[in-house]
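Student: Pasting in a structure now, in structure tokens, and then I'll have a few things to ask.
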Amino acid sequence: MKKKSILMLAALMLVLSAFLAACSSNKTGTKKEENNGKSGETTDKPQDGGTLVYALDSSFKGILNWSFYGDAVDDEILQLFDENLIRYDEKLKPQPNIASWKTTDNKVYDFEFKKGVKWHNGDELSVKDWEFALKVVADKDYEASRFENVRNIEGAQNYHDGKATEISGIKVIDDYHIQITFDKARVNNLENLWTYPMNRTEFKGIAVKDMEASEQVRTKPVGLGPFKVTKVVPGESIEMSRFDDYFNGKPHLDKIVVKVIDPSLSVGELKNGTLDMTKFHPSIIDEVKKLDNVNAITYPGLSYYYVGFRMGTWDGNQNVMNDKKYQNVKLREAMYYAINREEWVKAFFFGVGKPVNRPVPTNHWIAADNKDLEQFKYDPEKAKKLLDEAGYKDVDGDGFREDPQGKKFVVNFSHYATQNPTFESRAKALTQYWEEVGLKTKLTMTDANLYYDMLDKADKSLEVFFGGWSTGTDPDPTALWSSKAMWNYPRWVNAESDKLLDQALDMSVVGTDANKRKDIYGQWQKLFMKELPVLPIAEIEETMAVSKRVHGVTFDVSGYNRPNVWWIKQ
């Protein structure tokens, strides 16, 4: 077998990128602002008015409520019209937003809400709206993935199991004060807590099992943010208008229009001024940089990509590791050594990515040092040796290996599909690496909106799969990798992993000593990289294009600032 050069694929992708951006300028232009996380810096006084056009590069599911959403595209929309009770600063530390808090023991927290905060329907926000959301997420009929963020409240598990009619750890004092008691003191009880209220009026009379499909979630969402949703065309566009009663100050912009566009059109629309702001794939970063009327922004990310292995199923409450095909760790190691990640990242992430050797992005303070971890550098000969040792050998002489029982062995590899043409190319490149060491591989591209639903349900057809996580502000990996985590897509069950994750949060073990906590997380990362339930592949910086007519937008590792301060130079 002769492997096609992945760098040839990269060259083809560069040609494709140029084709996709055919409408853009070929002038070198002025060097754009990069890596400073700012756009449209000016000493001018902010002006009111105007419509900002924000583009998504793939169709949105349209699950427009924090308690039910499940993908990054819906998250982009939610950020514009709804609000978290707390915010995170550039060091990813929680700060008061709508709610402030006090605790003396990290077990009992007293929260106070700002008075006069309005929902888009005119209701005043009450702590009862938060209590309502917590009970929805803890309900036995709730099927989304946020119970991990409520489970640790005292009595939440009993409520979830139908053993109690109330959550004993939630005590409403009055409309502006609420006390939350957790089952035990943990370092990150606050950071892990679900802090997104739901409007009680809007959801009155709707059963929890029916909420996700309701118009209150799909087409008529009500939030607390600077803009309110006025029109939804499912999968295509969303219009938002200024919310004058926004608690952080009246927004400058009149409207925001969010629309889905083919990525091949984004550079042309940016150049023509019909698009103001969009995330973009690294494959077109050079074309975006050439535009005289646009700032190409890169800023630190909290995302990583991986290849996962289905090793079991989800029984509705926890993971069960009952699928044998990929439980041989030498097989997983071999598939890791077979991937030339340096080459692959260079080919498909165009200078904004780098290989990652752990399931924690480098920008999180708990990230283990590379010198303490196996690097799994590209070594196809070692991969072949590991496969031999594990009993995967070419028995029939066709150039591909059979399994230890002498049966045909095929790596059934799945990757999500969107309008982005680079995704299939990067997936095919991975299959080439595995075939080079003798593992016959079949690639299936699955629509992105279906893909993660299949992973949530542990669909048996997704045996080896490409995935990615934006890990959020709390670095604790429990919600992704504990034995009881629904988002633990490999369905990996490991008692030592669970023990270490628990210890890293246990006040009786680590107290408030960040170094002790980091050391335990370092041990956990070593264990993870020894077991390899997934193969961490790459981490990337975030990339955003912002028209130079848009001012007041800033970025840091926590994301962008609130849109109420954005404005357009008229």
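The values are calculated or read from the model by the stated rules, or taken from the named source; none is laboratory data. Predicted, not measured: the structure shown is a model, and the values here were computed from it. FYI the Cβ positions are ideal-geometry reconstructions off the backbone, even for glycines, and counts take in every protein chain you see. The accessibility values were calculated without ligands, DNA or RNA, using every heavy atom of the protein model including side chains. Shrake-Rupley method; radii C 1.70, N 1.55, O 1.52, S 1.80 Å.
Student: Which one of Thr274, Thr278, Thr313 is open to solvent by less than 10 Å² (accessible area, probe 1.4 Å) and either polar (S, T, N, Q) or without any contact (Cβ under 8 Å) to a residue 40 or more places away in the chain (or both)?
Tutor: Values: Thr274 fails: open to solvent by less than 10 Å² (accessible area, probe 1.4 Å); Thr313 fails: open to solvent by less than 10 Å² (accessible area, probe 1.4 Å).
Of Thr274, Thr278, Thr313, the one residue that is open to solvent by less than 10 Å² (accessible area, probe 1.4 Å) and either polar (S, T, N, Q) or without any contact (Cβ under 8 Å) to a residue 40 or more places away in the chain (or both) is Thr278.
Student: Quick check, is Asn420 out of contact with any strand residue (DSSP E or B) (no Cβ under 7 Å at 6 or more places or on another chain), assigned to a loop (DSSP other than H, G, I, E, B) and not acidic (Asp, Glu)?
Tutor: On the way: out of contact with any strand residue (DSSP E or B) (no Cβ under 7 Å at 6 or more places or on another chain): yes; assigned to a loop (DSSP other than H, G, I, E, B): yes; not acidic (Asp, Glu): yes.
For Asn420, the condition - out of contact with any strand residue (DSSP E or B) (no Cβ under 7 Å at 6 or more places or on another chain), assigned to a loop (DSSP other than H, G, I, E, B) and not acidic (Asp, Glu) - is met.
Student: For Arg549, state whether it is surrounded by fewer than 20 Cβ atoms within 10 Å (Cβ to Cβ), closer than 30 Å to Glu83 by Cβ and charged (D, E, K, R). Walk me through it before giving the result.
Tutor: On the way: surrounded by fewer than 20 Cβ atoms within 10 Å (Cβ to Cβ): yes; closer than 30 Å to Glu83 by Cβ: yes; charged (D, E, K, R): yes.
Here the answer is yes, as Arg549 does meet what is asked.
Student: Which ones in region 545-570 are at pLDDT 95 or above and of a type in the set (Gly, Ala, Ser)?
Tutor: Ala545, Ser547, Gly552
Student: Using the structure shown, decide if Asn149 is modelled with pLDDT under 95, within 13 Å of Tyr109 (Cβ to Cβ) and buried (at least 16 other Cβ atoms within 10 Å of the Cβ). Steps first, answer last, please.
Tutor: Details: modelled with pLDDT under 95: yes; within 13 Å of Tyr109 (Cβ to Cβ): no; buried (at least 16 other Cβ atoms within 10 Å of the Cβ): yes.
Considered against the rule, which asks whether it is modelled with pLDDT under 95, within 13 Å of Tyr109 (Cβ to Cβ) and buried (at least 16 other Cβ atoms within 10 Å of the Cβ), Asn149 comes out as no.
Student: Tally up the residues in region 132-172 that are more than 27 Å from the chain's Cα centre (by Cα) and either more than 20 Å from Leu85 (Cβ to Cβ) or touching a residue at least 60 places away in the same chain (Cβ under 8 Å) (or both), please. Walk me through it before giving the result.
Tutor: The first filter runs over region 132-172 and keeps only residues more than 27 Å from the chain's Cα centre (by Cα), leaving 154-155, 158-159, 161-172.
If we keep only those that are either more than 20 Å from Leu85 (Cβ to Cβ) or touching a residue at least 60 places away in the same chain (Cβ under 8 Å) (or both) as well, we get 155, 158-159, 161-166, 168.
Count: 10.
Student: Moving on. Identify the residue in region 101-155 that is of a type in the set (Gly, Ala, Ser) and part of a loop (DSSP other than H, G, I, E, B) and, among all such residues, is nearest to Arg242 (Cα to Cα). Break it down stepwise before answering.
Tutor: In the first step, residues of region 101-155 are kept if they are of a type in the set (Gly, Ala, Ser); the result is 116, 122, 126, 133, 138, 144-145, 155.
When the remaining residues are screened for being part of a loop (DSSP other than H, G, I, E, B), the result is 116, 122, 126, 144-145, 155.
Values: Gly116: 18, Gly122: 14, Ser126: 22, Ala144: 30, Ser145: 31, Gly155: 40 Å.
Out of the qualifying residues, it is Gly122.
Student: Also, quick follow-up: Restricting to region 183-222, name every residue that is farther than 15 Å from Arg146 by Cα and not in a loop (DSSP other than H, G, I, E, B).
Tutor: Across region 183-222, the qualifying residues are Arg186, Asp210, Glu215, Gln216, Val217, Arg218.
Student: Hey, another quick one. Please work out which one of (1) in a helix (DSSP H, G or I); (2) within 29 Å of Lys377 (Cα to Cα) is the condition Pro490 fails and give its number.
Tutor: With (1) in a helix (DSSP H, G or I); (2) within 29 Å of Lys377 (Cα to Cα) applied to Pro490, the lone miss is (1).
Student: Look through Leu501, Leu480, Leu535 and report the one residue that is out of contact with any Pro (no Cβ under 9 Å at 6 or more places or on another chain), touching a residue at least 12 places away in the same chain (Cβ under 8 Å) and not in a loop (DSSP other than H, G, I, E, B). Let's see the steps before the verdict.
Tutor: On the way: Leu501 fails: out of contact with any Pro (no Cβ under 9 Å at 6 or more places or on another chain); Leu480 fails: out of contact with any Pro (no Cβ under 9 Å at 6 or more places or on another chain).
It is Leu535.
Student: Let me ask another. State yes or no: is Lys171 of a type outside the set (Gly, Ala, Ser), closer than 28 Å to Arg549 by Cβ and in contact with a strand residue (DSSP E or B) (Cβ under 9 Å, 6 or more places away or on another chain)? Lay out the reasoning, then the answer.
Tutor: Working: of a type outside the set (Gly, Ala, Ser): yes; closer than 28 Å to Arg549 by Cβ: no; in contact with a strand residue (DSSP E or B) (Cβ under 9 Å, 6 or more places away or on another chain): yes.
No: the conditions fail for Lys171.
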